[in-house]
2 protein chains.
Amino acid sequence: MTQYFTEEGSVQAVNDRMGPNINPRLAVVMAALVKHLHAFAKEVHLTQAEWDYGIDFLTKTGQICSAERQEFILLSDTLGFSMLVDAINNRRPEGATENTVFGPFHVDGVPVREMGANISLDGKGESCLFEGRVVDLAGNPIAGARVDVWSDNADGFYDVQQPSIQPQHNNRGVFITGADGRYSFVGIKPVSYPIPDDGPVGQMLGHLGRHPYRPAHMHYLVTADGFERLVTHTFVGGDKYLESDAVFGVKTTLIAPFNRVEGGATLWHSPFDFVLTPA
Amino acid sequence: MTQYFTEEGSVQAVNDRMGPNINPRLAVVMAALVKHLHAFAKEVHLTQAEWDYGIDFLTKTGQICSAERQEFILLSDTLGFSMLVDAINNRRPEGATENTVFGPFHVDGVPVREMGANISLDGKGESCLFEGRVVDLAGNPIAGARVDVWSDNADGFYDVQQPSIQPQHNNRGVFITGADGRYSFVGIKPVSYPIPDDGPVGQMLGHLGRHPYRPAHMHYLVTADGFERLVTHTFVGGDKYLESDAVFGVKTTLIAPFNRVEGGATLWHSPFDFVLTPA
């Protein structure tokens with residue numbers, strides 16, 4: 001008996017159409033996507049005009065994308081979808097450092113620097129000593145861990161956003177831990193900044209009564225043989241956007257102390273230990 | 001107490017962020033969208049690689065859109081979402097003619113033609129007399145009803161898809177009923193055709209083991225003062241794609257007879273009555 005489309009049977013009508021010899025994971029993912037999308041339309045009784053608006057919004061979101069801009073990632077980020085996917089795929093045991101979103105500003109090929117080196121190359125901002133240890137769940141130091149760090153500059157831009165203004169690899173560095181598991185480097189106390197808000201996603205945030213700011217943070221990608229890859233930030237404690245990060249990246253355990261130093265080599269000191277999970 | 005993002009509390013974290021003075025309908029629609037999107041990711045345990053693939057798919061879908069092509073509508077159509085929105089917004093009483101998708105090929109400004117006129121201007125295809133009545137739920141004729149019709153030509157293309165090949169308004173016409181509620185016109189027996197399948201949606205259909213064809217159909221937009229706007233097709237009974245319409249437009253009640261005529265003015269005869277619902 002053929003299942004023609006009906007409002008009640010809409011999900012089955014669509015999902016029954018899948019062929020018998022397709023990728024089984026694709027079948028599972030698409031069947032669930034159709035089920036949840038249809039449930040959404042039914043729950044809110046989506047009108048034709050709202051559907052038109054949605055089609056137009058998605059089209060504009062795609063059309064503003066370029067080599068330098070990914071508006072669909074921004075959409076995913078601002079709907080908490082990126083953080084959710086990150087959370088689902090990076091469940092960690094108690095005590096391990098938590099993941100957060102990778103973001104679009106990581107760069108490959110940044111040079112390994114001497115431990116303690118200054119990564120701020122443009123002379124702007126308030127200097128800060130970042131230091132701590134990379135350890136396993138039992139607190140033992142991990143030697144040979146690769147600590148890849150990056151942040152915005154004092155104007156709120158990453159070097160890749162201002163290639164003609166900032167020195168290459170400004171506020172970036174890679175550090176390899178020794179036997180003590182320690183890392184340290186000098187950077188700046190990061191500043192909060194808005195995500196690009198002059199496109200469809202920015203308009204959406206405006207309509208939702210939300211601001212586009214991210215609280216100040218330092219990015220870390222920490223890897224070591226035998227351990228799970230850790231993608232995270234440390235957030236500047238006390239930042240006014242901590243409780244309203246536009247992309248929902250903040251976790252309580254990732255808020256780091258930034259202590260004012262009197263008469264030291266840097267203005268600030270931010271200690272933080274990274275606890276890796278066995279692979 | 002601040003609600004930072006957690007996997008369990010992801011929906012609340014996002015939806016609590018909405019401002020207090022926003023459009024209340026927007027708040028309802030977005031809260032439901034976030035809830036269902038997050039439920040989808042959680043149900044299938046969406047991987048980071050699948051998320052990457054989805055971002056890339058949506059981006060390509062947006063970027064292929066142009067003045068002549070709307071790939072997001074095609075995506076909505078092929079996931080049954082367009083038909084669902086149509087169904088939700090056009091619930092009809094028993095006996096009333098059902099709606100189906102409008103499609104992208106309607107044209108405004110088509111001339112009103114004499115009752116019985118031939119709308120096939122390119123001389124191709126198998127001629128067919130379409131006739132019937134426009135009536136109310138009690139079967140009374142509706143005078144002054146506007147019957148706007150359009151179909152593809154014998155090659156499976158609408159005139160607007162081949163502006164340099166087909167005559168303007170080929171297989172299109174508008175007819176106004178008289179006191180008897182009757183309409184009639186000569187067209188061709190429509191043919192089945194594929195939706196545009198050389199883009200991301202076509203690739204998706206391929207991966208899902210689905211073909212891109214629509215069963216042959218004649219489009220109708222029937223309007224009359226005091227009645228709901230009827231957007232529908234009649235489908236050619238016996239078409240081999242009736243049970244697998246790529247956009248799920250077929251409803252049992254919309255399958256029309258196409259009877260072969262021996263020795264008549266046309267090769268085919270397709271009678272169909274339209275029953276309008278009071279506004």
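Considering only residues of segment B:242-266 that are within 18 Å of the chain's Cα centre (by Cα) and in contact (Cβ under 8 Å) with a residue 40 or more places away in the chain, which is farthest from B:GLY178 (Cα to Cα)?
So in segment B:242-266, the residues within 18 Å of the chain's Cα centre (by Cα) come out as B:242-256.
Narrowing the set further to residues that are in contact (Cβ under 8 Å) with a residue 40 or more places away in the chain leaves B:246-251, B:253-254.
Values: B:ALA246: 37, B:VAL247: 34, B:PHE248: 34, B:GLY249: 30, B:VAL250: 29, B:LYS251: 28, B:THR253: 25, B:LEU254: 24 Å.
Taking the candidates together, the pick is B:ALA246.
Do we find that A:ASP155 is under 17 Å from A:VAL231 (Cα atoms), open to solvent by 70 Å² or more (accessible area, probe 1.4 Å) and either part of a loop (DSSP other than H, G, I, E, B) or out of contact with any helix residue (DSSP H, G or I) (no Cβ under 8 Å at 6 or more places or on another chain) (or both) in this structure? Steps first, please.
Numbers: under 17 Å from A:VAL231 (Cα atoms): no; open to solvent by 70 Å² or more (accessible area, probe 1.4 Å): yes; either part of a loop (DSSP other than H, G, I, E, B) or out of contact with any helix residue (DSSP H, G or I) (no Cβ under 8 Å at 6 or more places or on another chain) (or both): yes.
Judged against the criteria, A:ASP155 is not a match.
Give me a count of the residues in segment B:98-107 that are out of contact with any helix residue (DSSP H, G or I) (no Cβ under 7 Å at 6 or more places or on another chain) and either at pLDDT 95 or above or open to solvent by less than 50 Å² (accessible area, probe 1.4 Å) (or both). Working first, answer last.
Step one: list which residues in segment B:98-107 are out of contact with any helix residue (DSSP H, G or I) (no Cβ under 7 Å at 6 or more places or on another chain), which gives B:102-103, B:106.
Add one more test, that the residue is either at pLDDT 95 or above or open to solvent by less than 50 Å² (accessible area, probe 1.4 Å) (or both), and what stays is B:103, B:106.
Result for segment B:98-107: 2.
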Q: Please tell me if B:HIS269 is out of contact with any helix residue (DSSP H, G or I) (no Cβ under 8 Å at 6 or more places or on another chain) and surrounded by fewer than 20 Cβ atoms within 10 Å (Cβ to Cβ).
A: yes
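Give the residue that is farthest from the other protein chains (Cβ to nearest Cβ), with candidates limited to residues of segment B:19-28 that are open to solvent by 40 Å² or more (accessible area, probe 1.4 Å) and modelled with pLDDT of 95 or more. It would help to see each step written out before you state the result.
First, the residues of segment B:19-28 that are open to solvent by 40 Å² or more (accessible area, probe 1.4 Å): B:20-21, B:23-26, B:28.
Checking which are modelled with pLDDT of 95 or more leaves us with B:23-26, B:28.
On the way: B:ASN23: 7, B:PRO24: 12, B:ARG25: 8, B:LEU26: 6, B:VAL28: 6 Å.
Top of the filtered list is B:PRO24.
Residue-wise test of (1) within 18 Å of the chain's Cα centre (by Cα); (2) among the aliphatic types (A, V, I, L, M).
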| residue | (1), (2) |
| --- | --- |
| B:LEU208 | no, yes |
| B:TYR220 | yes, no |
| B:ASP225 | no, no |
| B:LYS240 | no, no |
**Q.** Lone unmet requirement of (1) at pLDDT 95 or above; (2) open to solvent by 50 Å² or more (accessible area, probe 1.4 Å) for B:PRO196
**A.** (1)
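Please find, among A:GLY206, A:GLY263, the residue that is at pLDDT below 95 and either small (Gly, Ala, Ser) or crowded, with 18+ Cβ neighbours inside 10 Å (or both).
On the way: A:GLY206 fails: at pLDDT below 95.
Testing whether each residue is at pLDDT below 95 and either small (Gly, Ala, Ser) or crowded, with 18+ Cβ neighbours inside 10 Å (or both) leaves just A:GLY263.
Within segment B:85-100, how many residues turn out to be in contact with a strand residue (DSSP E or B) (Cβ under 7 Å, 6 or more places away or on another chain) and either free of Cβ contacts under 8 Å to residues at least 24 places away in the same chain or under 17 Å from A:THR47 (Cβ atoms) (or both)?
The first filter runs over segment B:85-100 and keeps only residues in contact with a strand residue (DSSP E or B) (Cβ under 7 Å, 6 or more places away or on another chain), leaving B:95-100.
Those left that are additionally either free of Cβ contacts under 8 Å to residues at least 24 places away in the same chain or under 17 Å from A:THR47 (Cβ atoms) (or both): B:99.
Residues that pass the stated criteria total 1.
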Q) With respect to the numbered conditions (1) farther than 23 Å from A:GLU8 by Cβ; (2) assigned by TED's automatic domain parsing to the domain that holds B:HIS211, which one is the sole condition not fulfilled by B:SER82? A) (1)
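Any residue that is among the hydroxyl-bearing types (Ser, Thr, Tyr) and in contact with a strand residue (DSSP E or B) (Cβ under 9 Å, 6 or more places away or on another chain) - is there at least one of those in segment B:68-82? Write out each step before concluding.
Here is the first cut: in segment B:68-82, the residues among the hydroxyl-bearing types (Ser, Thr, Tyr) are B:76, B:78, B:82.
Imposing the further condition that a residue be in contact with a strand residue (DSSP E or B) (Cβ under 9 Å, 6 or more places away or on another chain) reduces the set to none.
Looking through segment B:68-82, none of the residues is among the hydroxyl-bearing types (Ser, Thr, Tyr) and in contact with a strand residue (DSSP E or B) (Cβ under 9 Å, 6 or more places away or on another chain).
From the residues in segment A:233-260 that are hydroxyl-bearing (Ser, Thr, Tyr) and within 13 Å of another protein chain (Cβ to nearest Cβ), which one is surrounded by the most Cβ atoms within 10 Å (Cβ to Cβ)? Break it down stepwise before answering.
To start, the set of residues in segment A:233-260 that are hydroxyl-bearing (Ser, Thr, Tyr) comprises A:234, A:241, A:244, A:252-253.
If we keep only those that are within 13 Å of another protein chain (Cβ to nearest Cβ) too, we end up with A:241, A:244, A:252-253.
Working: A:TYR241: 20, A:SER244: 15, A:THR252: 11, A:THR253: 14.
If we take residues in segment A:233-260 being hydroxyl-bearing (Ser, Thr, Tyr) and within 13 Å of another protein chain (Cβ to nearest Cβ), then A:TYR241 is surrounded by the most Cβ atoms within 10 Å (Cβ to Cβ).
The values are calculated or read from the model by the stated rules, or taken from the named source; none is laboratory data. All of these numbers come straight from a predicted model, not from anything done at the bench. A quick note on method: Cβ atoms are made from the backbone with ideal geometry, for glycine too, and the neighbour counts reach across all protein chains shown. Ligands, DNA and RNA are excluded from the accessible area calculation, which covers all protein heavy atoms including side chains. Shrake-Rupley method; radii C 1.70, N 1.55, O 1.52, S 1.80 Å.
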